[in-house]
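The values are calculated or read from the model by the stated rules, or taken from the named source; none is laboratory data. Quantities reported herein were computed from a predicted structural model and do not represent experimental measurements. So basically every Cβ, Gly included, is an ideal-geometry build from the backbone, and we count neighbours across all protein chains shown. Protein only, heavy atoms only, side chains kept; ligands, DNA and RNA dropped before computing areas. Shrake-Rupley method; radii C 1.70, N 1.55, O 1.52, S 1.80 Å.
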Amino acid sequence: MRITLNIWRQPNAASAGAMHAYELDEISEDMSFLEMLDVLNENLNEQGEDPVAFDSDCREGICGTCSLMINGEAHGPEVTTTCQLHMRSFKDGDTITIEPWRAEAFPVLKDLIVDRSAFDRIIQAGGYISVNTGSAPDAHAAPVEKKKADRAFDVATCISCGACVAACPNGSASLFLGAKITHLGELPQGQPERYSRVVDMVAQHDHEGFGGCTNIGECTAACPKEIPLDVISQLNKDLRTALKQGR
Amino acid sequence: MASITDPSHTTALNSPPVQVSDDARGYYTLGEPLVDPVAPTGPIQNRWTQRQFDNRLVNPANRRKLEVIMVGTGLAGGAAAATLGEAGYNVKSFCYQDSPRRAHSIAAQGGINAAKNYKEDGDSTFRLFYDTVKGGDYRSRESNVYRLAEVSANIIDQCVAQGVPFAREYGGLLDNRSFGGVQVSRTFYARGQTGQQLLIGAYQAMERQVAAGTVKQYTRHEMLEVVIVEGKARGIIARDMVTGEVETHLADVVVLATGGYGNVFFLSTNAMGSNVTAAWRAHRKGAYMANPCYTQIHPTCIPVTGDHQSKLTLMSESLRNDGRIWVPKNAADCEKHPSEIPEEDRDYYLERIYPSFGNLVPRDIASRQAKNMCDEGRGVGPAVKELAEDGTERWVRRGVYLDFADAIARMGRATVETKYGNLFDMYARITGEDPYSTPMRIYPAVHYVMGGLWVDYHLQSNIPGLFVTGEANFSDHGANRLGASALMQGLADGYFVLPNTIRDYLADGPFEKLDESHPDVVAAKADVEHRIATFLSINGTRSADSYHKELGRIMWEYCGMERSEAGLKKAIGMIQELKKDFWSNLKVLGTADSLNQSLEKAGRTADFIELGELMCIDALNRRESCGGHFRAESQTEDGEALRHDDEFAYVAAWEWGGEDGQPVLHKEDLIYTAIEMKQRSYK
């Protein structure tokens, strides 16, 4: 395959960025999207041009590191992570536009790499269950209704990639936030801190510069783990309860 | 089982090995034997309890004055940082990823073992201990494995309390399944994403401590050197991967929880960034590297398709429960579509060779037989270019069929979809083929390593103050061939073992305040800066990646599943050539004071090359088939793996011999008192 790439190049956070075009030949449809970029980078290195910086790690769709806007869509045209996208999703002669995640709360560090540490700070605000090591009761001491356990698992599969934010016209992280609130809120272990958690995490979310949710639904459409939109309803419901009862 | 009472004082059930064969003569020098100076004694079931009591305490007011550096944030590092933070120590946590939650533990699929006996199927601490020692081919320490089995039950309690959503039954209680070669149901799991859920539990516990101020988190930082002052580890030199700044961090103790080095093979199931640098820099500063050649090969990965490939993807081993593995009987059929190959022309080779275990033989056997089939020219799928035994290049098809046609006919497609749907989808996405209608193609791949820095019972390396946990140390489970063990050790080390052993060391602290201007600290930092400057100044023609790829091909051909004396010697020569070329012909663009991924790769590749050479020397020395590796010179009459307990029942701990010197081998004898060694058989 012959491919033209339009890629956002930005040397660092302080400099201005711009789109650059690159031509690639002999791309196999068996390559993953990131392997295609590896080929580009080998070429650039040979030509003495700084390779394109992009984030990736497990390349198995589970670590959540990869983060590319491909033709305006987070992780590209398929419902999966960028690392699991393959070149067979494109056609010979295609032009592909590649940009970093777009959100004020995710500043660009270099080229296609953004800073997502705001997500860690949201978790620090309450995205955990307070239990010290070694003080846990026997695992069978607190049964969990299977339906709730399954629901908790379904939403705990969020990989914190940030696609929901990048896809949202408001730059909101409500899907990420709702997934964590729902995961911990479904379990008996999560009840004691349930209402303080939601208040604190939402406050941190807003403080980081993420936008508000207006139920557009782009987040769930872009989510590679198919986190459902109703976690945001759960988030709002818990927040209302918390505000009514004063945490 | 008579030994369960008191095997302590302790008649060894085996005698210390006496090595006769010495294939590696000329490649190493023999050092003093090694003993674990803190190995426990007494009845095996009391050893850990007694040790926790004997280890000295640090009172809470003093803990605030003590500083711990934790490198790595996977199951071992994340759990340990959280636990030490809770206890009140000052922890500085480092990872190269953009968030601690992305450590590669997250990719583990299958499950985590624990001797809970919730199924009342006869499980016990002793049985988990026994299975693990046996599964590790009797190349692990008894005391460590017993401790692992003992704390396994606490791990599940801890994780459930954190909100880890393990699979549950309708009654609300936890579900279990059984896993590779084990007859009890002791594996706890969260669908195919157990590692992810366990890691998020540890990560959240750690973030809680970040909020509490006991843990300080440094992301996008790579440790490039360990600081040793007066014989003790006192800090690290790390590079801020965004600004390029080379930073000095000092502490009372340093813990490495930096994972495994399977990426030495270039293609593996490891994350792209997983590397050996932290461990290797410590090795060069005097820490022993133990059993570096032990690699676990996983039999069910998606095969390589071409030169461009950057990594391999694992398909859960559970597929072997229902899939049937075959290759064409005639090499001439390999290019045909599988549907054109009639039943009588298919060779269900595992069922044929191992009628009692069939497709469920252990990982090493399934892997090796797949290799044999492809070596015979009966592999399927695209041919790939690889190194041949004689060092030339060859084209080989590296794939065997994993066929669900019978399972679909027996259970119906719907049932197969429920059981394995997500794996089938993943396969279809990567290969572009529909596994419901065309058999999957699989091939073994490097999964994880059991070698690592040598540690004593307290997880302390031979350098005082340098502790090593999880996959980064040499594993508790020896030459392991089982699943669901690595997660268990990571969390056991992180939550329960290290926090209890490190306090005995820290009871001597706080150590004398150290200044950044101390000559040893200055020298360590200068070394790092010099090394970075060297990479940038070579100005040759080849990228670090291209060297890494070449190293990987050498390692896989000669130090992978099957090894031979001639092959390993050849590999050592090739690696030495590669190393010379690397240092004269490397090309790294960009600058030191910026985010520079080429520079990061150069440093890691340089260390992988040196490690690769040591792995080959270790493999050359170990003239026995053990764990996942088949040593051509050591096989039974019918071609099965043959261990030599009389010669090799020891831990091979290698000391860095200097830039131009030879590595020094220290042997730690493995003495069994509770379990008698047995030869394995899967016929």
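Quick look at the values:
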| quantity | calculated |
| --- | --- |
| Region B:351-364, subset buried (at least 22 other Cβ atoms within 10 Å of the Cβ) and part of a helix (DSSP H, G or I), residue modelled with the lowest pLDDT | B:Arg363 |
| All positions within region B:547-575 that are open to solvent by 30 Å² or more (accessible area, probe 1.4 Å) and more than 30 Å from B:Leu642 (Cβ to Cβ) | B:Lys549, B:Glu550 |
| Residues of region B:117-134 satisfying the condition of being among the charged types (D, E, K, R) and surrounded by fewer than 21 Cβ atoms within 10 Å (Cβ to Cβ) | B:Lys119, B:Glu120, B:Asp121, B:Arg127, B:Lys134 |
| Single unsatisfied condition, A:Glu60 versus (1) modelled with pLDDT of 95 or more; (2) acidic (Asp, Glu); (3) within 17 Å of B:Ile430 (Cα to Cα) | (1) |
| Number of positions in region B:372-389 that are open to solvent by less than 30 Å² (accessible area, probe 1.4 Å) and either of a type in the set (A, V, I, L, M) or under 29 Å from the mean Cα position of the chain (by Cα) (or both) | 9 |
| Close pairs (7 angstrom Cβ cut-off, 6 or more residues apart or separate chains): part of a helix (DSSP H, G or I) in region B:425-449, among the basic types (Lys, Arg) and surrounded by fewer than 16 Cβ atoms within 10 Å (Cβ to Cβ) anywhere | none |
| Residue list for region A:1-45, filter: among the charged types (D, E, K, R) and open to solvent by 20 Å² or more (accessible area, probe 1.4 Å) | A:Arg2, A:Arg9, A:Glu23, A:Asp25, A:Glu26, A:Glu29, A:Asp30, A:Asp38, A:Glu42 |
| Some residue of region B:228-240 being of a type in the set (Gly, Ala, Ser), in contact (Cβ under 8 Å) with a residue 60 or more places away in the chain and touching an Asp or Glu at 6+ places or on another chain (Cβ under 7 Å) | yes |
| Of all residues making up region B:271-297, the number that are touching a Phe, Trp or Tyr at 6+ places or on another chain (Cβ under 8 Å) and within 24 Å of B:Tyr420 (Cβ to Cβ) | 1 |
| Test: residue in region B:242-249 that is touching a Gly at 6+ places or on another chain (Cβ under 9 Å) and within 14 Å of chain A (Cβ to nearest Cβ) | no |
| Subset of region B:235-248 [open to solvent by 30 Å² or more (accessible area, probe 1.4 Å) and either in contact with a strand residue (DSSP E or B) (Cβ under 6 Å, 6 or more places away or on another chain) or among the basic types (Lys, Arg) (or both)] | B:Val242, B:Glu247 |
| Hits in region B:91-113 (condition: open to solvent by less than 20 Å² (accessible area, probe 1.4 Å) and more than 9 Å from chain A (Cβ to nearest Cβ)) | B:Val91, B:Ser93, B:Phe94, B:Cys95, B:Gly110, B:Gly111, B:Ile112, B:Asn113 |
| Test result for B:Ala79, open to solvent by 20 Å² or more (accessible area, probe 1.4 Å), within 22 Å of B:Ala257 (Cα to Cα) and of a type in the set (A, V, I, L, M, F, W, C) | no |
| Number of the exception - B:Gly540 against (1) outside any helix (DSSP H, G or I); (2) more than 14 Å from chain A (Cβ to nearest Cβ) | (2) |
| Which numbered condition A:Asn6 misses (of (1) touching a Ser or Thr at 6+ places or on another chain (Cβ under 7 Å); (2) touching a residue at least 60 places away in the same chain (Cβ under 8 Å); (3) assigned to a loop (DSSP other than H, G, I, E, B); (4) more than 10 Å from every other protein chain (Cβ to nearest Cβ)) | (3) |
| Any pair with Cβ under 8 angstrom, 6 or more apart, that starts in region B:584-602 at a residue that is at positive phi and free of Cβ contacts under 8 Å to residues at least 60 places away in the same chain and ends at one that is open to solvent by 30 Å² or more (accessible area, probe 1.4 Å) and in a loop (DSSP other than H, G, I, E, B) | B:Gly590/A:Asp50 |
| Extreme residue, farthest from the chain's Cα centre (by Cα), among residues of region B:94-144 that are of a type in the set (A, V, I, L, M, F, W, C) and part of a helix (DSSP H, G or I) | B:Phe126 |
| Any hit, region A:60-67, residues being of a type in the set (A, V, I, L, M), more than 10 Å from every other protein chain (Cβ to nearest Cβ), buried (at least 24 other Cβ atoms within 10 Å of the Cβ) and in contact (Cβ under 8 Å) with a residue 24 or more places away in the chain | no |
| Residue list for region A:78-92, filter: part of a helix (DSSP H, G or I) and open to solvent by 30 Å² or more (accessible area, probe 1.4 Å) | A:Arg88, A:Ser89 |
| Selected residue (criterion: nearest to A:Glu78 (Cα to Cα)) from residues of region B:390-429 that are of a type in the set (A, V, I, L, M) and surrounded by fewer than 19 Cβ atoms within 10 Å (Cβ to Cβ) | B:Ala428 |
| Filtered residues of region B:256-270 (kept if aromatic (Phe, Trp, Tyr), under 11 Å from B:Ser310 (Cβ atoms) and open to solvent by less than 10 Å² (accessible area, probe 1.4 Å)) | none |
| Residue among B:Gly273, B:Gly323 that is touching a Leu at 6+ places or on another chain (Cβ under 6 Å) and crowded, with 24+ Cβ neighbours inside 10 Å | B:Gly323 |
| Residue match in region B:168-175 (condition: open to solvent by less than 30 Å² (accessible area, probe 1.4 Å), under 30 Å from A:Phe119 (Cα atoms) and more than 22 Å from the chain's Cα centre (by Cα)) | yes |
| Residue in region B:155-167 that is closer than 30 Å to A:Leu112 by Cβ and under 24 Å from the mean Cα position of the chain (by Cα) present | no |
| Close pairs from region B:52-74: first part of a helix (DSSP H, G or I), partner of a type in the set (Ser, Thr, Tyr), Cβ under 7 Å, at least 6 apart | B:Arg63/B:Tyr89 |
| Residue under evaluation B:Arg623, criteria (1) in a strand (DSSP E or B); (2) in contact with a Lys or Arg (Cβ under 7 Å, 6 or more places away or on another chain), criterion not met | (1) |
| Single residue of region B:155-186 satisfying the filter (in contact with a Ser or Thr (Cβ under 8 Å, 6 or more places away or on another chain) and among the charged types (D, E, K, R)) that is nearest to the other protein chains (Cβ to nearest Cβ) | B:Arg186 |
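Residue-by-condition table, conditions (1) open to solvent by 10 Å² or more (accessible area, probe 1.4 Å); (2) under 26 Å from B:Ala271 (Cβ atoms); (3) touching a residue at least 40 places away in the same chain (Cβ under 8 Å); (4) more than 11 Å from chain A (Cβ to nearest Cβ):
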{"position": "B:Arg141", "(1), (2), (3), (4)": "yes, no, yes, yes"}
{"position": "B:Ala153", "(1), (2), (3), (4)": "yes, no, no, no"}
{"position": "B:Phe188", "(1), (2), (3), (4)": "no, yes, yes, no"}
{"position": "B:Arg191", "(1), (2), (3), (4)": "yes, yes, yes, no"}
{"position": "B:Ala202", "(1), (2), (3), (4)": "no, yes, yes, no"}
